Amino acid sequence: MFNIILFGPPGSGKGTQSEKLISKYGLKHLSTGDLLRTEIATQTPLGLEAKNFMDKGQLVPDEVVIGMISTALDANPHSKGFLFDGFPRTEAQSEALDKLLKLKKTEIGVVLAMQVSEEELVKRLLNRGLTSGRSDDNNEEVIRARIIEYHKKTSAVADYYKKFNKVVYLNGEGTVDEIFAGLCAEIDKRLS
Ligand code: AP5
């Protein structure tokens, strides 16, 4: 089993690159953002609670997302590996993920961290907001709040995995295909 964390600030291209990576490597894509939006669309109590945080650009409480990931891992016992997108986002989530994977006798293989300037992130997300229907994309204040939340709480995730020598930084600016090639090169090094 080979498990990857695709890491980076909001708008860095995690969702875009995840689609290509899961298709090339046959991994199961686990995006907490997508799981939460499904909960919101089906108006579950969890979704209604999460929406309050997401609309303000804040992180949803750790116990909510850890529970969702635990359920998703159990639901995919035969996966070749998992691609985590948008999770973990706090040190507590990182520790919880490591414990969950240990129970399954596996671990994170690599954390691929995409770096993109703040102005490019805001430009990409405002642009997507024109068509995405995502309530956290169409307001620059909320987009900037998401980026602040990333620096305050989520950048610690890279520091956590650096202790285990698992983090690789890549330039997240350029064409989608150029960035994909860089990500694949790092994965292939570890698979061979
Ligand atoms: P989530 O859904 O995870 O959103 P995000 O991290 O803010 O990331 P995005 O989906 O906005 O961006 P991305 O990096 O995937 O980039 P994408 O490929 O889409 O989370 C949403 C919210 O849910 C959070 O704010 C939080 O409230 C909550 N949440 C989720 N997970 C949580 C967790 N673990 N704990 C607590 N709360 C959690 O690309 C963005 C745009 O750029 C697209 O339009 C794309 O076409 C474009 N683009 C992509 N690559 C390029 C490129 N190379 N050049 C130009 N444009 C590009």
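The values are calculated or read from the model by the stated rules, or taken from the named source; none is laboratory data. In this text the structure is predicted, and so the values were computed from the model without any measurement. When we count neighbours, we look across all protein chains shown, and the Cβ atoms used for this are built from the backbone with ideal geometry, even at glycine. Just so you know, the surface numbers come from the protein's heavy atoms only, side chains and all, with ligands and any DNA or RNA stripped out. Shrake-Rupley method; radii C 1.70, N 1.55, O 1.52, S 1.80 Å.
Identify all residues within the stretch 1-46 that are over 15 Å from residue 59 (Cα atoms), part of a helix (DSSP H, G or I) and near the ligand (Cβ under 7 Å from one of its atoms); write none if there are none.
Passing the criteria: 14, 15, 16, 17.
Which residue pairs have Cβ atoms closer than 7 Å, lie 6 or more positions apart in sequence or on different chains, and pair a first residue in the stretch 18-34 that is more than 20 Å from residue 88 (Cβ to Cβ) with a second residue that is open to solvent by 30 Å² or more (accessible area, probe 1.4 Å)?
As it stands, the answer is 20/180; 26/80, since those pairs meet every condition given.
If you go through the stretch 4-30, how many residues are closer than 22 Å to residue 133 by Cβ, of a type in the set (S, T, N, Q) and surrounded by fewer than 20 Cβ atoms within 10 Å (Cβ to Cβ)?
1
Out of 63, 120, 95, 140, I need the residue that is near the ligand (Cβ under 8 Å from one of its atoms) and at pLDDT 95 or above. Which one? Break it down stepwise before answering.
Values: 63 fails: near the ligand (Cβ under 8 Å from one of its atoms); 95 fails: near the ligand (Cβ under 8 Å from one of its atoms); 140 fails: near the ligand (Cβ under 8 Å from one of its atoms).
Among 63, 120, 95, 140, only 120 is near the ligand (Cβ under 8 Å from one of its atoms) and at pLDDT 95 or above.
Could you please tell me which pairs satisfy a Cβ distance under 6 Å, a separation of 6+ or placement on different chains, a first residue in the stretch 92-105 that is under 17 Å from residue 80 (Cα atoms), and a second residue that is of a type in the set (A, V, I, L, M) and away from the ligand (no atom under 13 Å from the Cβ)?
The qualifying pairs are 100/73.
Among the residues of the stretch 66-91, which ones are closer than 16 Å to residue 26 by Cα and either away from the ligand (no atom under 13 Å from the Cβ) or of a type in the set (S, T, N, Q) (or both)? If you could, list the steps in order and put the result at the bottom.
Quick first cut of the stretch 66-91, residues closer than 16 Å to residue 26 by Cα only: 73, 76-85.
Answer for the stretch 66-91, where residues must be closer than 16 Å to residue 26 by Cα and either away from the ligand (no atom under 13 Å from the Cβ) or of a type in the set (S, T, N, Q) (or both): 73, 76, 77, 78, 79, 80, 81, 82.
Across the stretch 59-72, what is the total count of residues that are farther than 16 Å from residue 38 by Cβ and under 15 Å from the mean Cα position of the chain (by Cα)? Quick ask: steps written out before the conclusion?
Going residue by residue through the stretch 59-72, those that are farther than 16 Å from residue 38 by Cβ are 59, 61-63, 66, 70.
Filter once more, keeping what is under 15 Å from the mean Cα position of the chain (by Cα): 59, 62, 66.
Selection size over the stretch 59-72: 3.
As an exercise: evaluate residue 127 against (1) free of Cβ contacts under 8 Å to residues at least 60 places away in the same chain; (2) more than 9 Å from the ligand (Cβ to nearest atom); (3) not hydroxyl-bearing (Ser, Thr, Tyr) and give the number of the one condition it does not meet.
Residue 127 satisfies every listed condition except (2).
Helices (runs of 4 or more DSSP H) wholly in the stretch 84-192 with at least 1 residues that are of a type in the set (Lys, Arg) and open to solvent by less than 40 Å² (accessible area, probe 1.4 Å) - which ones?
Details: elements: 91-103, 118-132, 140-149, 155-162, 176-191.
In the stretch 84-192, the matching helices (runs of 4 or more DSSP H) lie at 140-149.
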